[in-house]
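Each remark here refers to the structure printed beneath this line.
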Amino acid sequence: MDKLLVTNIGLLATPLGTRARSGPDQGKIRTLKNAWILIEGETIAGIGQGDPFTQCVQMKESLAVLDAKGALVTPGLVDAHTHLVFGGWRQNELGLKLHGASYLDILASGGGILSTVRATRSAGMDELYWKARDALDEMLSFGITTAEAKSGYGLDMDTEIKQLEVIRKLNETHPVDLAATFLGAHAVPEEYQKNREGYIDFLCSQVIPMVAERGLAEFCDVFCEKGVFTAKESYRILMAGKEHGLIPKIHADEIEAIGGTELTCEVGAISAEHLIVCRKSGIDAMAKGGTVACLLPSTSFYLGSTYAPAREMVNTGVPVAVATDFNPGSCPSLNIQLAMNLACLKYKLTPEEMLTAVTLNGAAAIGRAEKVGSLEVGKQGDLVLWNAPDLNYLGYRMGSNLVRNVIKKGNILNLKAKEELLK
Ligand code: NIG
Ligand code: FE
């Protein structure tokens with residue numbers, strides 16, 4: 001079995017556990033100075049401080065050794081909310097935005113999500129695959145080792161399936177691990193504009209059963225928003241998904257609060273996403289249901305809106321995750337480090353709370369907290385070596401990519417570091 005020893009870690013920082021951390025625990029981080037990590041195969045086999053060779057000397061001969069040269073090391077980052085697979089871009093909307101058109105105005109006039117639906121329907125599998133693969137490479141370069149990916153730019157049987165098949169193929173062929181979410185309820189497609197009930201029937205009776213039968217998604221999401229799907233419609237779609245084994249997630253309170261977050265407890269949602277204008281009743285529902293609040297600060301930045309009440313959520317005992325929301329409309333950014341800056345500067349999360357938000361709580365938002373999200377013996381060997389001395393630096397430096405190396409399942413994914421390997 002291949003073994004990799006990472007030595008000379010200046011500071012190892014990680015949340016601990018196999019579940020989301022909330023309240024004061026969100027900011028509790030284990031830190032070890034002068035540390036080492038041993039990865040055997042794909043799994044972390046040992047963590048310690050000081051000289052590893054006096055402690056794991058019997059493994060010395062068959063080890064590859066990477067000198068971290070004093071770097072900060074954290075778990076690989078988990079991006080728990082992305083719209084990874086889509087055709088085209090929407091840079092044409094920038095001018096409309098600058099002239100005052102709102103996100104919902106653009107959608108209502110047949111642009112926005114609906115224009116990406118047209119581009120995604122007309123794109124072939126290969127085109128979608130290679131485009132999303134480039135995006136995944138970039139995500140990895142920012143330190144993301146696990147991500148969620150949603151469908152939702154097909155809004156018909158074939159294209160929704162096509163997107164989910166692309167996600168499956170990427171998961172099989174790219175080092176970043178993916179969790180797939182069915183988001184057929186992302187908008188009402190043009191051909192159903194006069195028959196929205198008919199579209200919801202179609203989703204519940206045909207598309208959801210097919211997606212579940214083919215094992216193409218783990219989660220079912222709905223865009224619960226004014227002019228998109230009401231809370232009542234969202235409830236129906238999420239329950240239909242649940243009957244077919246798809247775990248509920250919900251886009252809620254992004255622009256207007258129409259009761260989506262309040263549903264989380266009722267439907268047993270694993271996460272609620274956006275929550276920019278979330279009310280106290282929504283925060284209480286998430287706290288009661290143990291739902292992860294998956295917050296997307298780069299979207300607030302891009303939309304020019306306010307920021308989700310993250311501090312109130314932490315203070316109420318709601319576990320907070322932070323993700324990119326990468327998509328062609330409301331957040332054309334793959335840079336989770338920007339979201340990490342904004343989480344500190346705008347949400348007022350401490351750097352420790354922010355680290356939990358992009359690691360363990362992100363993992364919990366996609367049901368992966370037993371496997372990834374922290375550096376502990378038995379978890380997957382996913383880590384980031386940073387060009388940074390401590391966690392404050394990650395919240396503080398802006399606009400640079402601070403990643404030095406990414407290690408995924410014990411493999412160094414950066415050539416330069418591989419050359420530095422001492423055998
Ligand atoms: O998370 N809000 C809905 N979905 C995406 C935006 C999708 C798009 O504009 O293409 C979001 O912001
Ligand atoms: Fe989204």
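Points to keep in mind about this one:
- Restricting segment 103-115 to residues that are more than 10 Å from ligand 1 (Cβ to nearest atom) and without any contact (Cβ under 8 Å) to a residue 60 or more places away in the chain, the residue that is surrounded by the most Cβ atoms within 10 Å (Cβ to Cβ) is ASP105.
- Residue match in segment 140-152 (condition: within 19 Å of SER333 (Cα to Cα) and surrounded by fewer than 22 Cβ atoms within 10 Å (Cβ to Cβ)): yes
- Inter-residue pairs, beta-carbon under 8 Å, first closer than 18 Å to ALA20 by Cα and among the β-branched types (Val, Ile, Thr) and in segment 272-284, second modelled with pLDDT of 95 or more and more than 15 Å from ligand 2 (Cβ to nearest atom), 6+ apart: ILE283/PRO309; ILE283/GLU312; ILE283/MET313; ILE283/THR316; ILE283/VAL318
Yes or no, residue by residue, for (1) in contact with a helix residue (DSSP H, G or I) (Cβ under 9 Å, 6 or more places away or on another chain); (2) among the charged types (D, E, K, R); (3) farther than 20 Å from THR82 by Cβ:
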{"position": "ALA180", "(1), (2), (3)": "yes, no, no"}
{"position": "GLY184", "(1), (2), (3)": "yes, no, no"}
{"position": "VAL188", "(1), (2), (3)": "yes, no, yes"}
{"position": "LYS194", "(1), (2), (3)": "no, yes, yes"}
{"position": "LEU216", "(1), (2), (3)": "yes, no, no"}
{"position": "CYS224", "(1), (2), (3)": "yes, no, no"}
{"position": "SER234", "(1), (2), (3)": "yes, no, yes"}
{"position": "GLU243", "(1), (2), (3)": "yes, yes, yes"}
{"position": "ILE247", "(1), (2), (3)": "yes, no, no"}
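- Selection of first residues in segment 291-307 that are at positive phi and of second residues that are surrounded by fewer than 18 Cβ atoms within 10 Å (Cβ to Cβ), restricted to Cβ pairs under 9 Å at least 6 apart or on distinct chains, gives the following pairs, ordered by first then second residue: GLY304/LYS97.
- Residues being within 16 Å of ligand 2 (Cβ to nearest atom), touching a Phe, Trp or Tyr at 6+ places or on another chain (Cβ under 8 Å) and farther than 26 Å from GLY304 by Cβ - total across segment 238-256: 1
- Given (1) away from ligand 1 (no atom under 16 Å from the Cβ); (2) more than 30 Å from VAL384 (Cβ to Cβ), number of the condition LEU140 does not satisfy: (2)
- Output for segment 201-225, where each listed residue is within 16 Å of ligand 2 (Cβ to nearest atom) and part of a loop (DSSP other than H, G, I, E, B): ALA217, GLU225
- On inspection, LYS379 qualifies as farther than 30 Å from LYS280 by Cα and basic (Lys, Arg).
- The listed residue being of a type in the set (Gly, Ala, Ser), within 16 Å of ligand 1 (Cβ to nearest atom) and buried (at least 24 other Cβ atoms within 10 Å of the Cβ), out of ALA343, ALA365: ALA365
- One residue stands out among those in segment 175-194 that are assigned to a loop (DSSP other than H, G, I, E, B) and of a type in the set (Val, Ile, Thr): the one that is surrounded by the most Cβ atoms within 10 Å (Cβ to Cβ), which is VAL176.
- Considering segment 255-271, and only residues there that are without any contact (Cβ under 8 Å) to a residue 60 or more places away in the chain and in contact with a strand residue (DSSP E or B) (Cβ under 7 Å, 6 or more places away or on another chain), the residue that is surrounded by the fewest Cβ atoms within 10 Å (Cβ to Cβ) turns out to be GLY268.
- Tally, over segment 309-366, of residues that are free of Cβ contacts under 8 Å to residues at least 40 places away in the same chain and within 16 Å of ligand 2 (Cβ to nearest atom): 2
- Residue in segment 208-219 that is crowded, with 24+ Cβ neighbours inside 10 Å, modelled with pLDDT of 95 or more and within 16 Å of ligand 1 (Cβ to nearest atom) present: no
- Some residue of segment 119-132 being within 13 Å of ligand 1 (Cβ to nearest atom) and either under 24 Å from ASP382 (Cα atoms) or surrounded by fewer than 24 Cβ atoms within 10 Å (Cβ to Cβ) (or both): yes
- For segment 391-402, the criterion of being within 30 Å of ILE255 (Cα to Cα) and either in contact with a His (Cβ under 9 Å, 6 or more places away or on another chain) or crowded, with 19+ Cβ neighbours inside 10 Å (or both) is satisfied by at least one residue.
- For segment 297-326, the tally of residues that are surrounded by 24 or more Cβ atoms within 10 Å (Cβ to Cβ) and closer than 22 Å to VAL117 by Cα stands at 4.
- Within segment 113-171, the residues that satisfy the criterion of being of a type in the set (Asp, Glu) and in contact with a strand residue (DSSP E or B) (Cβ under 7 Å, 6 or more places away or on another chain) are GLU148, GLU160.
- Helices (runs of 4 or more DSSP H) contained entirely in segment 258-303, each with at least 2 residues that are within 13 Å of ligand 2 (Cβ to nearest atom): 297-303
- Here segment 279-309 is the region considered, the condition is being of a type in the set (Gly, Ala, Ser) and more than 17 Å from the chain's Cα centre (by Cα), and the residue that is nearest to ligand 1 (Cβ to nearest atom) is SER305.
- Residue match in segment 69-82 (condition: among the β-branched types (Val, Ile, Thr) and either without any contact (Cβ under 8 Å) to a residue 24 or more places away in the chain or part of a helix (DSSP H, G or I) (or both)): no
The values are calculated or read from the model by the stated rules, or taken from the named source; none is laboratory data. Predicted, not measured: the structure shown is a model, and the values here were computed from it. With ideal geometry, Cβ positions are generated from the backbone for all residues, glycine too; neighbour counts draw on all protein chains shown.
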